[in-house]
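Peer 1: I'd like to ask some things about the structure below.
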């Protein structure tokens, strides 16, 4: 009796194996279709095979039942004792079946035969041992899968996003995952796995191949290192170049951090690399900022770049474009020698900028009609012409005004010309402080005219050597100005020479008595002719950010001037635009100029002999029509300001109203401040936002603490006082250890600190200073995110008046 049943088992097994081989040929045909989807014959063949799949599945299901019944009734062959053989056959057929189902779904073939068959297959096998699993349709998110073409830096994002999408269908068979993977690959990445048949087992093999090729951390790190070492040309006035370097640093250091490289410990090396990208102006500013710090950090450098990028973006001069109708040649007015453009000090004004009040070629601040009005009338005029209340400029509102200056009378956010007493009922005109010089003021006036249309003016420039603080000689370009009673040097040149600076209270008054505060200090330099040891002249100079623009503004075609041929010129490149690093005024002019003078014909410059060589000065015939620069500089000690401040002590101050932020802070403290049972007050921090944008501050705090430890190790007395101070802080419960569970909270802020020693203090000789203004990696500090609140201390005037009473 057993033999017929054994024959049934063997026959059923044979039919299942033949069905598997047939479906395998279907899978191979689907692969051929992928290589040539335009072949109509192959498309019809695929549809026919999918329609036969239902009948094949039904027959396989019946044969599997026969095999498992024979095993259960012990009528199978003697060597078959369990369902391992049937389970293996079921698994093989299942892989092929799902591969064809995925193929039909992806290529949008009619799914009804497959769907009906899968439902029948699921219902029939659910009554068996459950080996075939759940064959329901898997719902993936309705979004496109990411694509990957072999760019190694995109691999990590592709891998994470691909797995994230597949996580919505955790029971999706590997064969379908492999099909989705292949459709997401392109180019080189696809060629790496194209040879693998579309089977469940090959899905993991394909991932291993891709990860070994694109997931190598060393290869990724090498690419990021190459990007960091790439040469950038960063200019202080070009916000885009600063932004490019800043993005490169933040992008690639963050990528290296994600690869488990600790870039924060590479600050000295990275800073050396990045400093090479900066131009001279930015490099000197960075050195001034760093000062005596032995090891500035990378976040400090990033913050430095971010600030200068914002500065370059804000202060790019915007010149309005106007359309000028071109007159016929017969109606063109003859050109005259009148001045078309005036530049005062280092500020250039466009000839197209007219006063909105009188439509004349001057700014509204210099308009006589505007200044004759009362402050209230000026305010109404500014509003009617849609001008900024803070700077009287056009094109922006006072809320977006880039100017940091405020009213000189009340220190509020409006222009000084718009200040009026709100407590007074009259609109009488208020006189603004004038710039009239006192009789005993020391004035130095410099008048320089640089050019008019069709006629250029050569200025007396010279190349000379200046001795730096380290003894080396540096060549600078100087302008000899007999109309100035002071000499000036640019901040850039002073940084190059490493000059020792001294504080200076000198004010600089430019053309039309406009007072500016450009002086950054004073220094003494030694100048001498190029490549000579004598004569050497000592010059006292005032340090300013900039003296003038390019001189000359445009290249000048020098003529054949016979009277200056073969003369040793002090500035051989006098005809080419260049920066002026040094201005030598009338205090030095007599000692620099010699007796020799050579005059040419009309329209030719005069040659003047100096200790540096011959300089050319005067008008010349030129076709270049550059703008005209006019300088009138007055340097004086402003005694009027001192007297003015003295009398202001006796003035009654206007009532100060709380600003909106101060009102919020005051209300916050009234609502949140409580007194504990111990008598202490508990005060919450008044954050401006409920989610403060604080970055990593622990690295910076640790770095400064290690620097403090080095300092303490060198001074045992200071160390002892510091330890006692910190122990006293702990014993008084002013600070405590951070609990372990709070160390990694996202909004922690570590406040860096340092100690200050004052031996002459009668009370506390050592004081520890906590710096809550230290910025985090986001560029914000704790103080930036808190309301400051109203001023609580009385004005110094009130304190002094009490003392006088």
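Peer 1: Which members of segment 180-198 meet the condition of being more than 20 Å from residue 160 (Cβ to Cβ) and in contact with a helix residue (DSSP H, G or I) (Cβ under 6 Å, 6 or more places away or on another chain)?
Peer 2: Of everything in segment 180-198, those that are more than 20 Å from residue 160 (Cβ to Cβ) and in contact with a helix residue (DSSP H, G or I) (Cβ under 6 Å, 6 or more places away or on another chain) turn out to be 196, 198.
Peer 1: Quick one: would you say residue 508 is surrounded by 20 or more Cβ atoms within 10 Å (Cβ to Cβ) and at pLDDT below 90?
Peer 2: yes
Peer 1: Still on this structure, please answer the following. Looking at segment 714-762 only, could you name the residues that are farther than 21 Å from residue 697 by Cα and outside any helix (DSSP H, G or I)?
Peer 2: Within segment 714-762, 715, 732, 733, 756, 757, 758, 759, 760, 761, 762 qualify.
Peer 1: Here is a further query. Going by what's in this entry, would residue 356 be described as farther than 27 Å from residue 546 by Cβ, at pLDDT 75 or above, part of a helix (DSSP H, G or I) and out of contact with any strand residue (DSSP E or B) (no Cβ under 8 Å at 6 or more places or on another chain)?
Peer 2: Taking the combined requirement at face value, the residue does not satisfy it.
Peer 1: Hey, another quick one. Tell me, which residue of segment 365-407 that is closer than 30 Å to residue 308 by Cα and in a helix (DSSP H, G or I) is modelled with the lowest pLDDT?
Peer 2: Checking each candidate, the answer is 399.
Peer 1: Report, by residue number, each residue of segment 562-606 that is touching a helix residue (DSSP H, G or I) at 6+ places or on another chain (Cβ under 6 Å) and closer than 15 Å to residue 481 by Cα.
Peer 2: Correct list: 581 only.
Peer 1: Considering only residues that are in contact (Cβ under 8 Å) with a residue 24 or more places away in the chain, under 17 Å from residue 528 (Cα atoms) and part of a loop (DSSP other than H, G, I, E, B), which ones fall in segment 454-500?
Peer 2: Of everything in segment 454-500, those that are in contact (Cβ under 8 Å) with a residue 24 or more places away in the chain, under 17 Å from residue 528 (Cα atoms) and part of a loop (DSSP other than H, G, I, E, B) turn out to be 460, 468, 469, 470, 499.
Peer 1: Anything in segment 235-245 that is touching a strand residue (DSSP E or B) at 6+ places or on another chain (Cβ under 9 Å) and either buried (at least 19 other Cβ atoms within 10 Å of the Cβ) or free of Cβ contacts under 8 Å to residues at least 12 places away in the same chain (or both)? List them, or say none.
Peer 2: Correct list: 236, 241, 242, 245.
Peer 1: Can you tell me which condition residue 612 does not meet? The list is (1) touching a helix residue (DSSP H, G or I) at 6+ places or on another chain (Cβ under 7 Å); (2) at pLDDT 85 or above, and all the others hold.
Peer 2: (1)
Peer 1: Moving on. Determine, yes or no, whether residue 750 is surrounded by 11 or more Cβ atoms within 10 Å (Cβ to Cβ), over 35 Å from the mean Cα position of the chain (by Cα) and outside the structural domain of residue 301 (by TED's automatic domain parsing).
Peer 2: Judged against the criteria, residue 750 is not a match.
Peer 1: What is the one condition in (1) closer than 25 Å to residue 696 by Cβ; (2) touching a helix residue (DSSP H, G or I) at 6+ places or on another chain (Cβ under 9 Å); (3) modelled with pLDDT of 70 or more that residue 259 does not satisfy?
Peer 2: Residue 259 satisfies every listed condition except (3).
Peer 1: Scan 74, 88 and give me the residue that is outside the structural domain of residue 190 (by TED's automatic domain parsing), modelled with pLDDT of 75 or more and loosely packed, with under 12 Cβ neighbours inside 10 Å.
Peer 2: None of the other options fit; the residue is 88.
Peer 1: While we're here: Which residues, taken from segment 562-598, are assigned to a helix (DSSP H, G or I) and in contact (Cβ under 8 Å) with a residue 60 or more places away in the chain?
Peer 2: 589, 592
Peer 1: Residue 667 - would you say it is at pLDDT 85 or above and part of a loop (DSSP other than H, G, I, E, B)?
Peer 2: Here the answer is no, as residue 667 does not meet what is asked.
The values are calculated or read from the model by the stated rules, or taken from the named source; none is laboratory data. A quick note: this is a predicted structure, and the numbers were derived from the prediction, not measured. In this analysis, Cβ positions are derived from the backbone assuming ideal geometry, glycine residues included, and neighbour counts consider all displayed protein chains.
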